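Chemist: Mind having a look at this structure? Questions to follow.
The numbers here are math on the coordinates, done by the rules we state, and not lab data. This one's a predicted model, so the numbers in the text were calculated from it and none came from an experiment. FYI the Cβ positions are ideal-geometry reconstructions off the backbone, even for glycines, and counts take in every protein chain you see.
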Ligand code: ATP
Ligand code: RIB
């Protein structure tokens, strides 16, 4: 089982050929409302990739809350630890350009009310193979979860923020993209950044978009996994899909390289579809693409 302590957002997505600058108005091509948020995305990616998953988080008592709960539940995610709090759910305002690239503004809403896991949350987390964390909750909540979890902790350090020592000390595997890796280490070369990350945590994967991913461990293992060549339509949640699938493959005890290929295959399938939780592949789809 995989547990996720993280955010749920409603993604309000504008698809446009021209991304507006300050003071500029443009006409876009399409709009969609899609459940997302890095925590919910990783939970759904892991569930579709074949694991039992529990999600610990919060939604607001607005119209979006029940939609996000239903989306998680329909993917088979245990939502018994999902709180409903007064006020707005988390919102992500997303612009997707014609190359499938995105820019995002996140308004935390209900996610911002979490201060840490409760005793009941920790009991659920303690029954899992790994706890997945991201940085869309208040830092004190993320630190509390990482330090109190009795299972391996996987951190996606996104959106990029300063990482306190108390958090890094409790992380087993960190999975930044290349920009987050550079922000953490001050090094733009991925190989050098990977080495610096391993001074902070025992294992690291740097995802490199269409260039694949780099893995390293303190025990000296180094792997480079290429991306699967595909035409990207929308890369939103590629990183979340990668992490969710990677956690499943590791929980199944697969060798490191095989686990990374499984994750890269799931992520490549996700970039060919629009949206966050709408883009994640199922286990049969990942297995078929791996053949
Ligand atoms: P996002 O923030 O958009 O969710 P990210 O920046 O966290 O993504 P990336 O490094 O862009 O993460 O992508 C994660 C993984 O997804 C990559 O390591 C790769 O395996 C896969 N991926 C991303 N973009 C592509 C692409 N254009 N083609 C194939 N695979 C891709
Ligand atoms: O990682 C993708 C996610 O980031 C989106 O679903 C959006 O909610 C933002 O949080």
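Chemist: I need the shape label for the chain. Rule: rounded when a/c is under 1.5, else prolate if a/b > b/c, else oblate, with a, b, c from the alpha carbon gyration tensor.
Modeler: Rounded.
Chemist: If you wrap the range 180-291's Cα atoms in a convex hull and average its projection over all directions, what's the area in nm²? Don't skip to the answer; put the middle values down first.
Modeler: Numbers: hull surface 27.9 nm².
One quarter of the hull surface, i.e. the mean projection, equals 7.0 nm².
Chemist: Expressed as a rounded percentage, what relative contact order does the range 59-182 have, with Cα pairs under 8 Å and six or more residues apart?
Modeler: Values: 183 pairs, mean separation 21.6, N = 124.
Value for the range 59-182: 17 percent.
Chemist: Full extension from residue 98 to residue 179: what is 0.36 nm times the residue separation minus their Cα-Cα distance, to one decimal in nm? Intermediate results must be reported in sequence, preceding the final value.
Modeler: On the way: separation 81, 0.36 × 81 = 29.16 nm, distance 2.12 nm.
Residue separation times 0.36 nm, minus the Cα-Cα distance, leaves 27.0 nm.
Chemist: Normalised by the number of residues in the chain, what is the relative contact order in percent for Cα pairs under 8 Å and 6+ residues apart?
Modeler: On the way: 715 pairs, mean separation 53.2, N = 291.
Taking the mean separation of contacting Cα pairs over the length of the chain, I get 18 percent.
Chemist: Still on this structure, please answer the following. So what is the relative contact order of the range 54-121, in percent, for Cα pairs below 8 Å that sit 6 or more residues apart? Intermediate values should be presented prior to the final figure.
Modeler: Working: 107 pairs, mean separation 24.7, N = 68.
Dividing the mean separation by the residue count of the range 54-121 yields 36 percent.
Chemist: Now for a different question. Measure off 7 Å from each Cα along the Cα-to-Cβ vector at residue 105 and residue 283, then give the distance between these two points in nanometres to one decimal.
Modeler: 4.1
Chemist: Kindly provide the helix-only [θ] at 222 nm of the chain, computed as the sum of -39,500 (n - 2.57) over DSSP H runs of four or more divided by all residues, to the nearest 500 deg cm²/dmol?
Modeler: Working: 10 runs with 98 residues, N = 291.
The per-residue figure over the chain is -10000 deg cm²/dmol.
Chemist: Pull out a ≥ b ≥ c, the square roots of the eigenvalues of the alpha-carbon gyration tensor of the range 28-106, then state rounded if a/c is under 1.5, prolate if not and a/b is larger than b/c, and oblate in the remaining case. Before the final figure, lay out each step's value.
Modeler: Details: a/c = 2.37, a/b = 1.35, b/c = 1.76.
Since a/c reaches 1.5 but b/c is at least a/b, the shape of the range 28-106 is classed as oblate.
Chemist: Beta carbons within 10 angstrom, averaged per residue: use that to sort the peptides 21-34, 41-54, highest first. Each step should come with its number before you reach the end.
Modeler: On the way: 21-34: 10.3, 41-54: 27.9.
Top of the packing list down: 41-54, 21-34.
Chemist: Could you check the spin-label model distance between residue 123 and residue 166? Points 7 Å from the Cα along Cα→Cβ, value in nm.
Modeler: Result: 2.6 nm between the two label points.
Chemist: Continuing with this model, one more query. Say R0 is 22 Å: what FRET efficiency, to the nearest 0.05, do residue 83 and residue 33 get from their beta-carbon distance? Don't skip to the end; give the middle numbers.
Modeler: Values: r = 22 Å, r/R0 = 1.00.
According to the calculation, E is roughly 0.50.
Chemist: If each of residue 195 and residue 73 carries a label point 7 Å out from its Cα toward its Cβ, how far apart are those two points in nm?
Modeler: Reported label-point gap for residue 195 and residue 73 is 5.2 nm.
Chemist: Go ahead and run the numbers for FRET between residue 61 and residue 139, Cβ-Cβ distance against an R0 of 35 Å, rounding to 0.05. Let's see the in-between values first.
Modeler: Values: r = 25 Å, r/R0 = 0.71.
Computed FRET efficiency for residue 61 and residue 139: 0.90.
Chemist: Right, here's the next one. Fewest Cβ neighbours within 10 Å first, please rank 165, 15 accordingly. Intermediate values should be presented prior to the final figure.
Modeler: Numbers: 165 9, 15 19.
Ascending Cβ contact count within 10 Å gives the list 165, 15.
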